[in-house]
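One structure is given below, represented as structure tokens, and several questions about it will come after.
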Amino acid sequence: MPDPLSMSQDMLASPAHVIRGLSYQIAYSRDRVLQGDWTEKYARQRIAMCAAVAEENLRESHNCMAVSIYANLTTGCRALFTWSYVDRNGEKDSGSVHPTIDGR
């Protein structure tokens, strides 16, 4: 599976692409922990960095306002992801998912 950070240029297409890309990165990090490749601490740090980049991308590249992103892994390795933002047209988007690679 390719490292999702290598696809970061795709995150510039639209706010929805930013959210979808971050969701994939969270799921990828969770999968690496479950496979034993990464520690939970490393995965949480990576998720925090990716969430900060996504927030900045929404503000700077897409002129979104009121951007709020929460992304983390629980101790039991469940991925948590919530977001909300107001796009440049004044429309609010928000949601909450538990990202996984395999859809479970």
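Starting from residues that are of a type in the set (A, V, I, L, M) and open to solvent by 40 Å² or more (accessible area, probe 1.4 Å), keep the ones in segment 22-69 and report whichever is nearest to residue 100 (Cα to Cα). Break it down into steps so the answer makes sense when it comes.
So in segment 22-69, the residues of a type in the set (A, V, I, L, M) come out as 22, 26-27, 33-34, 43, 47-49, 51-54, 58, 65-67, 69.
Add one more test, that the residue is open to solvent by 40 Å² or more (accessible area, probe 1.4 Å), and what stays is 34, 48-49, 52-53, 65-66.
Details: 34: 11, 48: 17, 49: 19, 52: 20, 53: 20, 65: 28, 66: 27 Å.
So, considering only residues that are of a type in the set (A, V, I, L, M) and open to solvent by 40 Å² or more (accessible area, probe 1.4 Å), the one nearest to residue 100 (Cα to Cα) is 34.
Same structure, new question: Would you tally the residues in segment 54-77 being in contact (Cβ under 8 Å) with a residue 24 or more places away in the chain and either among the β-branched types (Val, Ile, Thr) or at negative phi (or both)?
Qualifying residue count, segment 54-77: 11.
I'd like the residue in segment 70-100 that is open to solvent by 80 Å² or more (accessible area, probe 1.4 Å) and outside any strand (DSSP E or B) and, out of all such residues, is farthest from residue 39 (Cα to Cα).
89
Considering only residues that are assigned to a helix (DSSP H, G or I) and of a type in the set (Asp, Glu), which ones fall in segment 16-49? Step through it out loud before you land on a result.
At the first step, the residues of segment 16-49 found to be assigned to a helix (DSSP H, G or I) are 16-34, 40-49.
Result: 31, 40.
Residue by residue through segment 53-68, note down the ones that are of a type outside the set (A, V, I, L, M) and assigned to a helix (DSSP H, G or I).
At the first step, the residues of segment 53-68 found to be of a type outside the set (A, V, I, L, M) are 55-57, 59-64, 68.
Hits for segment 53-68 are 55, 56, 57, 59, 60.
The values are calculated or read from the model by the stated rules, or taken from the named source; none is laboratory data. Worth saying up front: this structure is predicted, and the values here are computed from it rather than measured. Cβ coordinates were reconstructed from backbone atoms using ideal geometry, including for glycine residues, and neighbour counts include every protein chain displayed. Areas reflect the complete protein model, heavy atoms only, side chains present, ligands, DNA and RNA absent. Shrake-Rupley method; radii C 1.70, N 1.55, O 1.52, S 1.80 Å.
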